[in-house]
Amino acid sequence: MELSDIGVVGLGVMGANLARNIESRGFRVSVYNRSGGRHSNVLQSFDGGGKFFPTDNLKSFVESISLPRKIIIMVKAGSAVDDVVSELKPLLSKGDIIIDGGNSDFRDTRRRLAEAESSGLLYVGAGISGGEEGALKGASIMPSGSPEAWPKIKRIFTSIAAKAPDGSPCCRWIGPDGSGHFVKTVHNAIEYADMQIIAETYSLLKCSNKLSNSEMAAVFSDWNCGELQSYLVGITADILEVKDSDGSDLVDKILDSASQKGTGKWAVMSALNEAVPFGLISQAVFARFVSAQKDGRVKASGVFSDRCGISSSGSVSVRDAADAMYASKIMAYAQGFSLMRAASETYGWNLDFAGIAKIWRNGCIIRSVFLDKIAAAFESNPKLENMLFDTYFSNAISEKALPWRKIVSEAVLAGIPAPCMCAALSGFDSLRTARSSANILQALRDYFGSHTYERIDRPRGEFFHTDWAAARVAGPLAKITKKI
């Protein structure tokens, strides 16, 4: 009996396209779909030639795969993954490999890995970016987990991955336990910010400059030929040119309420746990929350529209808008890579940041020429504390600081929401401020809660407390300030 090289469980659009991608590279693929009502129809689409092994039950599916079995699960993140893993385990042999190709929380991946290895199985959490097209034609793939699994799946994974401009596959082993899914989560968080920055720029050009959609399409198309060249900028130009059946612009008929699947929230929660400044990307997540409050926004627009102190200076420079986009984009990536660095240290992952930037150069949603600069920065200094300290990025953000401030100022004066651009600029200013206002924060905390503070005229690590109410009356603090 001929056996397949790999199996795919879950034949939704992503799973089906991934299976077709694998088969197109010369591998034999077993396929199985759990959905009862759609099962027969889905499997029929894999009949009629090729190297597919359609199966109608999980036992037959497992038995059709050569040892060690390699099985990719492409189902909705969460309990569905646990259900499939539980159903598979009794049917598998020692050394078989379970691969979760969905958008799982890295903490779930760590748990599933430990459980699988305790049963003699190998487990891989593979972040896959690129959407439906990437799954079919080549995605950016971020696998991690049981290191013994990588040599056994490497040829398949590197074959189905997108290829970077230099021909290298956009897939590499990320590291231990859930690091692959964590990197994919950060990718998605940067994607949130990138899209929100584009949306804010669109809003400025539309509301301040009164550009038509076709005029904005031309602007974005032009930007896509320079330093802003990226998949998202390119498809924005495409979107702005699409007409509805009546000849009107389709984008104007789309309800302004954005949804999300949770990876952005996971990244924000991780940033809180790791104590990493993440204001820009957090604002991208919160902007989607605000967009979903459509009825409340409509009500507020009627209450506040004519009394908000709006004082616009007029249209903005398109060149300045491009510079503000680029500077904000730098901040988004800087925050994302800072979070990965912190998590890498916490969990002992030893992440290769240059390598991560390289596998994002094609196939994934945030692919852009910008990533070559990031890869070069981390290749030059693998221990780079913050991307902004690289010479290229420090020069770029300094050169664009004035137009960036102009754009943010115009948005604020005109009453046009730009939460990500504002947070990006504020985050940059916070970073470059050597003496911040946090001394007041510590004094307040010590006043009401005796939380103590350090002094600039004493060594770090020495803490003091002041009886502030008594000090205000008594004057000199010698007797009412004490070292803790």
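Derivation of every value follows stated rules applied to the coordinates shown; laboratory data play no part. Values in this document were obtained by computation on a predicted structure and should not be read as measured data. Ideal geometry is used to build each Cβ from the backbone, glycine not excepted, and the neighbour counts take in all protein chains shown.
Considering the stretch 118-225, its Cα convex hull presents a mean projected area of 9.0 nm². Toward the positive end of the charge dipole of the stretch 6-177, with +1 on the Cβ of Lys and Arg and -1 on the Cβ of Asp and Glu, the farthest Cα among Leu91, Ile156, Val9 is that of Ile156. Per-residue packing, averaged as other Cβ atoms within 10 Å, sorts the ranges 193-201, 437-445 into the order 193-201, 437-445, beginning with the highest. Sequence gap at least 6, Cα distance under 8 Å: using those rules, report the relative contact order of the stretch 296-440 to the nearest whole percent. This gives 34 percent for the stretch 296-440. Note that the chain carries a Kirkwood radius of 25.1 Å, evaluated over its alpha carbons pair by pair.
The C-alpha atoms of the chain define a longest principal axis, and helix 419-431 lies at about 60 degrees to it.
For the stretch 79-117, the residues whose amide N sits under 11 Å from a probe point set 7 Å from the Cα of Met269 along the beta carbon direction are 105-108. A straight Cα-to-Cα reach below 14 Å connects Lys154 with the aspartates and glutamates Asp5, residues fewer than 8 places away in its own chain not being considered.
In the stretch 184-431, the convex hull through the Cα atoms has an average projected area of 14.0 nm², a quarter of its surface area. Its residues counted as N, the stretch 330-431 yields a C-alpha radius of gyration over 2.2 N^0.38 Å of 1.18.
Charged side chains reduced to their Cβ positions (Lys and Arg at +1, Asp and Glu at -1) give the stretch 270-342 a dipole of some 160 debye around its Cα centre. Put simply, when 128-138, 213-223, 242-252 are sorted by average Cβ atoms within 10 angstrom per residue, most first, you get 128-138, 213-223, 242-252. A full extension of the chain between Val298 and Ser450 corresponds to an added length of 50.2 nm, given 0.36 nm per residue minus the alpha carbon distance.
Only Lys, Arg, Asp and Glu carry charge here, each on its Cβ (+1 for the first two, -1 for the last two); on that basis the chain has a dipole of about 1000 debye about its Cα centre. Each residue of the stretch 234-241 was assigned a 3J(HN,Hα) from its phi angle through the Karplus expression (A = 6.51, B = -1.76, C = 1.60, θ = phi - 60°), giving x, 6, 4, 4, 4, 4, 5, 9 Hz with x at Gly and Pro. Rg and Dmax of the stretch 91-147, based on Cα coordinates, read 12.4, 36 Å. A protection proxy built from the mean count of other Cβ atoms within 10 Å ranks the segments 139-149, 224-234, 460-470, 16-26, most packed first, as 139-149, 16-26, 224-234, 460-470. Against the compact-protein benchmark of 2.2 N^0.38 Å, the Cα-based radius of gyration of the stretch 195-305 scales to 1.25.
Contact order for the chain, expressed relative to its length and based on alpha carbon pairs under 8 Å spaced 6+ residues apart, stands at 12 percent. Give me D for the stretch 184-225 in µm² s⁻¹, whole number, from Stokes-Einstein with Rh from the Kirkwood sum over alpha-carbon pairs, 25 °C and 0.890 mPa s. For these conditions, the coefficient is 218 µm²/s. Tell me the Kirkwood radius of the stretch 354-484: reciprocal of the mean inverse pair distance over distinct alpha-carbon atoms, in Å. In the stretch 354-484 this quantity evaluates to 19.1 Å. Restricting the calculation to Cα atoms, the stretch 438-483 yields a radius of gyration followed by a Dmax of 10.3, 29 Å. Taking only the C-alpha atoms of the stretch 283-394, Rg followed by Dmax gives 19.3, 55 Å.
Taken over the Cα atoms of the stretch 6-177, the convex hull encloses 104 Å³ per residue. With 5 Å bins beginning at zero, the pair-distance distribution over Cα atoms of the stretch 241-310 amounts to 3, 13, 15, 13, 15, 16, 14, 8, 2, 1, 0 %.
Have a look at Trp266, Ser291, Leu255 and report the one farthest towards the positive end of the charge dipole of the stretch 244-313, computed about the Cα centre with Cβ charges (Lys/Arg +1, Asp/Glu -1). Projecting each Cα onto the dipole axis, the largest value belongs to Trp266.
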